[in-house]
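Every read-out reported here was derived from the displayed coordinates using simple, explicitly stated rules and does not represent laboratory data. Because the structure is a prediction, the values reported are computed rather than measured. Positions of Cβ are generated from backbone atoms using ideal geometry, with glycine treated the same way; all protein chains shown enter the neighbour counts.
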Amino acid sequence: MKNVCDFDEEFSWGKNCAEMRNIMNIALLIAGGSGQRMNQDIPKQFINVNDKPVIVYTLEAFQRHPNIDAIGVVCLAGWQEILKAYAKQFNITKLSFVVEGGKNGQESIKNGVMAIKESYSMEDMVLIHDAIRPMVSQEIISDCISKCRTNGSAVTVIPCAEAMLLSDDRQSSTQTILRDRLARTQTPQAFFLKKLVWAHEEATKRGITNSIATCTLMIELGEKVCFSTGSEKNIKLTTTDDIEIFKALLVSKKDEWLK
């Protein structure tokens, strides 16, 4: 198995890569989902929470980060102009492009990667992030950038704290999985653009069409990915319960600011 953490001489970065050349860090937000699991008419990334769309909270996190140079969004068809209007309203000045999503997550990410390829260097870094993870912190983004620069990849993860059971029917189990060997993935997931372009072109050659995340695609292609540090607060909003948790986290965050 080839290790993404150890690039070859043609594309070697190492620990001093930032000193070798000025790498741009591009956030790629994936907002192509329709939100069917929430049973809402409005896609979940555009649901308003405290008078602000979910995706704007996410955009603001990357807008604030001093090491993010540009933001691209892969957007659900028909919502691109609405997204651009929100970006203008909330002063998201780093928004560089908006492209339409694909038929699944892998195709949507590919659309975004190929759009970045048109305007940026193959040596730049791309942080792929779920638009419906609005609580991503500045520390998570910083660690993801740092680990990718050092290791060539950075998949945000958190430990698995619960007991894990293996089930064939989703109703019963006779087998456990050691949680010490498990990591729960989140986003952002950072890779250099050259590696991402290679991965999607290689996936096309091999007939891989529906990998659920960039990290899983890399592993399906025989690559090894490295980790960066996530947080339990970095939740993905997939159900109405998640929206309520998000609202509570916003209140908690506001209380911290007032102390």
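At a glance:
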{"item": "Neighbour net charge for S142 - beta-carbon separation under 12 angstrom, K R +1, D E -1", "result": "+1"}
{"item": "Relative contact order (percent, whole number), the chain, Cα cutoff 8 Å, 6+ residue spacing", "result": "25"}
{"item": "Beta bridges per DSSP with both ends in the stretch 2-258, % antiparallel, nearest 5", "result": "40"}
{"item": "Where the Cα pairs of the stretch 2-258 fall when distances are cut into 5 Å bins, in %", "result": "1, 6, 13, 17, 19, 18, 13, 8, 4, 2, 0"}
{"item": "Cα→Cβ-extended label distance, 7 Å offset, between A248 and K52, nm", "result": "2.1"}
{"item": "Distance between the stretch 115-141 and the stretch 155-180 - C-alpha centres, whole angstrom", "result": "29"}
{"item": "Two-site label geometry, A183 and I219: point separation in nm, points 7 Å out along Cα→Cβ", "result": "1.0"}
{"item": "Once the Cα gyration tensor of the stretch 50-138 is diagonalised, semi-axes √(5λ) in Å", "result": "19, 16, 12"}
{"item": "Under Karplus coefficients 6.51, -1.76 and 1.60, residue-wise ³J(HN,Hα) of the stretch 224-230 in Hz, glycine/proline x", "result": "10, 10, 9, 9, 10, 8, x"}
{"item": "Dipole in debye (nearest 20) - the chain, about Cα centre, beta carbon charges: Lys, Arg +1; Asp, Glu -1", "result": "260"}
{"item": "The chain: calculated mean residue ellipticity at 222 nm from DSSP helix runs of at least 4, using -39500 (n - 2.57)", "result": "-11000 deg cm²/dmol"}
{"item": "Total formal charge among the other residues, if their Cβ is under 12 angstrom from that of Q189, Lys/Arg +1 and Asp/Glu -1", "result": "+2"}
{"item": "Most positive-pole-ward Cα, G78, G112, C226, against dipole of the chain from beta carbon charges", "result": "G78"}
{"item": "Once the Cα gyration tensor of the stretch 101-241 is diagonalised, semi-axes √(5λ) in Å", "result": "27, 19, 15"}
{"item": "Spacing of the two label points (7 Å from each Cα toward its C-beta) at S137 and E60, in nm", "result": "1.8"}
{"item": "Other-chain or far-sequence residues with amide H under 5 Å of S96's (modelled H)", "result": "I71, G72"}
